[in-house]
Amino acid sequence: MDQIEPVFTATATARGGRNGQAETADGSFGVRLSVPKAMGGPGASGAVTPEDLFAAGYAACFGGAIDFVAQQRGQDASQVAVTCAVSIGGRDKGGFGLEVKFRVEDSQLAQADLEALVKAAHEEICPYSHATRNNVPIAFEVVGR
């Protein structure tokens, strides 16, 4: 396991599991949680799932990683759009698992350049990618100019 030197720590508490609520320790963010109807839950209006939160966090972090790599290479990916779809389902070995599908778009970058940035961001930079590597299936659709 990689060792890190922490520079920032986010802390959040969830109460009530998937049908409860979660909030950050500093009070800057809070959400109501609900099991989606597709999983047999109420699918409460205005509520989110842990997968929603993971998708939003991964998309934001991955977009930042792409822009970071681009800056190192003298390119600009500050307007890259990253859509992250996180699916949950039963595993062959029991329990539940996740899969992730990305759509990465930037009409300002050539297709080959954007593909190279996505590859480097995924393999070298993004901490979410490091955390999920060899554990969560991840697929990419990359759309440049």
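In segment 5-31, the residues that are loosely packed, with under 10 Cβ neighbours inside 10 Å form Cβ pairs under 6 Å with partners that are of a type in the set (A, V, I, L, M, F, W, C), at six or more places apart or across chains, as follows: T11/A25.
Of all residues in segment 108-134 being assigned to a loop (DSSP other than H, G, I, E, B) and among the hydrophobic types (A, V, I, L, M, F, W, C), which is farthest from G57 (Cα to Cα)? Filtering first and then ranking leaves A110. Going residue by residue through segment 88-104, is there one that turns out to be exposed (fewer than 14 other Cβ atoms within 10 Å of the Cβ) and within 28 Å of Q3 (Cα to Cα)? Scanning segment 88-104 turns up at least one residue that is exposed (fewer than 14 other Cβ atoms within 10 Å of the Cβ) and within 28 Å of Q3 (Cα to Cα).
Rule-based calculations on the coordinates, nothing more; no lab input. A quick note: this is a predicted structure, and the numbers were derived from the prediction, not measured. Cβ sites come from the backbone with ideal geometry, for glycine too, and all protein chains shown count toward neighbours.
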